[in-house]
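Working notes, structure below.
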Amino acid sequence: MEPRTALETAARLIYRFLMNSIFANLPTTIFETMSLLARETGAVNLGQGFPDDPGPEDVRRKAAEAVMDGWNQYPPMMGLPELRQAVAAHYARFQGLDLDPAGEIMVTSGATEAIAGALMALIEPGDEVVLFQPLYDAYLPLVLRAGGVPRFVSLEPPHWNLTKEALARAFSPRTKLVLFNNPLNPAATVFCDADLALLAEFCIGHDAIAVCDEVWEHVIFDGRAHKPLMALPGMRERTVKIGSAGKIFGMTGWKVGFVMAPPPLMRVLAKAHQFLTFTTPPNLQSAVAYGLGKEDSWFSEMRAGLQRSRDRFEAGLKACGFVVLPSEGTYFINIDLAASGINEDDAGFAQRLVREFGVASIPVSAFYAQDAVTTVLRFCFAKHDATLDAALERLRRVL
Ligand code: GLN
């Protein structure tokens, strides 16, 4: 029926343009916002997490060759068989996992797709989902859109560790799923064995599925070894493990992810993937298959290089007078504003830092849905020495 009055027309327009409230009410992600601000102001961008380095040349060359000489039509929906084989071999070599490439591995367009797909596939409206704050900004909107009811566990600096009390408050008989990020962005910490065991105990006790975003698994320092939650006793059949070539090879724009799960879960994950992205560029997939097979030394040198950058930047921050929180993994290191004598909140300070001093960072409060920690600021150190030194030169004037 046509609207008859101006009021009816307005009402109809409002109704038509009332978009999904979860997405309509979201701000643009902090990463995009800070990168834009860095471009506008000519700031050194240590906000959004991406390396300066273009990535391993041989892997890029493989991709270029595959674009020119290879298959550019739809690859199989589950991913190129050669990549699924390479993923299985890679995780057997580095993490002792025994994954069946045919039924337990799927290639996705980045880890974010894998997470979105897992949440869409596994959550029934009303299911409770345990989330850990600080949480990656995509998690909560995706959980809510899937109909999940979030139950937050808040982790606190400087250790950001799990406690039995906090888990007991968040888990309930309605817990369906836990979304867990280890190593943890933005805290830059690696959960210890005791924390993993505690979480496994709660997942098993509540018959919950663990969706593990382990994209930083290779980016860990000081001789640490990554322990996938999936490898803990009782977790193999209830864990969805997610990895990302973008993080492993430092080419964050590639958006080639992989998801590993036992067959009954994988069958459902595949249904979500088939209507989300369906497939991922085949040329990038074959280059990633090649890259995952690189010798051990490439992976240890990659870590060593990042660790050197971390050490250089950490020493520089300390020399500027900032109090630094330990960085055990990821591309990130945090400063404690309050302990550094800065009484502004992180969001305001990050704005001032980029506008007045020319350094972009990420306020950690952006990773909270409630009761935000507002005294911690994140920097990305995965940069050339010259970039880090230019930032430090500017940061020296702050305190
Ligand atoms: N993972 C990146 C970070 O934490 C950001 C990715 C993005 O910009 N969406 O900085």
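Pairs, please: C-beta under 9 Å, at least 6 apart or cross-chain, first residue loosely packed, with under 15 Cβ neighbours inside 10 Å and in region 334-345, second not aliphatic (A, V, I, L, M)?
Filtered contacts from region 334-345: GLY341/GLY321.
List the residue pairs whose Cβ atoms are under 7 Å apart, where the first residue sits in region 167-190 and is over 14 Å from GLU128 (Cα atoms), the second is small (Gly, Ala, Ser) and within 16 Å of the ligand (Cβ to nearest atom), and the two are 6 or more positions apart or on different chains.
Filtered contacts from region 167-190: PRO183/GLY329; ALA188/SER327; ALA188/GLY329; VAL190/GLY329.
I'm told ILE115 meets every condition in (1) in a loop (DSSP other than H, G, I, E, B); (2) within 16 Å of the ligand (Cβ to nearest atom) except one. Can you identify the failing condition by its number?
Failing condition for ILE115: (1).
State yes or no: is PHE349 under 19 Å from TRP216 (Cβ atoms), at pLDDT 95 or above, assigned to a helix (DSSP H, G or I) and not aliphatic (A, V, I, L, M)?
no
Among the numbered conditions (1) over 20 Å from the mean Cα position of the chain (by Cα); (2) within 21 Å of PHE258 (Cα to Cα); (3) part of a loop (DSSP other than H, G, I, E, B), tell me where SER286 comes up short.
(3)
Just checking, does region 144-157 include any residue being touching a helix residue (DSSP H, G or I) at 6+ places or on another chain (Cβ under 8 Å) and within 16 Å of the ligand (Cβ to nearest atom)?
The answer is no, given that none of the residues of region 144-157 is touching a helix residue (DSSP H, G or I) at 6+ places or on another chain (Cβ under 8 Å) and within 16 Å of the ligand (Cβ to nearest atom).
Of all residues in region 30-50, count the ones that are in contact (Cβ under 8 Å) with a residue 12 or more places away in the chain, more than 10 Å from the ligand (Cβ to nearest atom) and surrounded by fewer than 21 Cβ atoms within 10 Å (Cβ to Cβ).
Looking only at that region, the number is 4.
Condition (residue is at pLDDT below 95, assigned to a loop (DSSP other than H, G, I, E, B) and within 16 Å of the ligand (Cβ to nearest atom)) applied to region 5-27: is it met by at least one residue?
yes
Show me the strands (runs of 3 or more DSSP E) entirely contained within region 133-237 in which 1 or more residues are hydroxyl-bearing (Ser, Thr, Tyr).
Filter on region 133-237 gives 149-154, 175-181.
When the residues of region 359-388 are narrowed to those that are closer than 22 Å to ASN343 by Cβ and in contact with a Lys or Arg (Cβ under 8 Å, 6 or more places away or on another chain), which ends up farthest from the ligand (Cβ to nearest atom)?
VAL359
Do we find a residue being under 21 Å from the mean Cα position of the chain (by Cα), assigned to a helix (DSSP H, G or I) and of a type in the set (A, V, I, L, M) anywhere in region 295-303?
Yes.
Can you name every residue in region 248-268 that is assigned to a helix (DSSP H, G or I) and touching a Ser or Thr at 6+ places or on another chain (Cβ under 9 Å)?
LEU265
The values are calculated or read from the model by the stated rules, or taken from the named source; none is laboratory data. Bear in mind the structure is a predicted one, so any value in this text is a computation, not a measurement. So basically every Cβ, Gly included, is an ideal-geometry build from the backbone, and we count neighbours across all protein chains shown.
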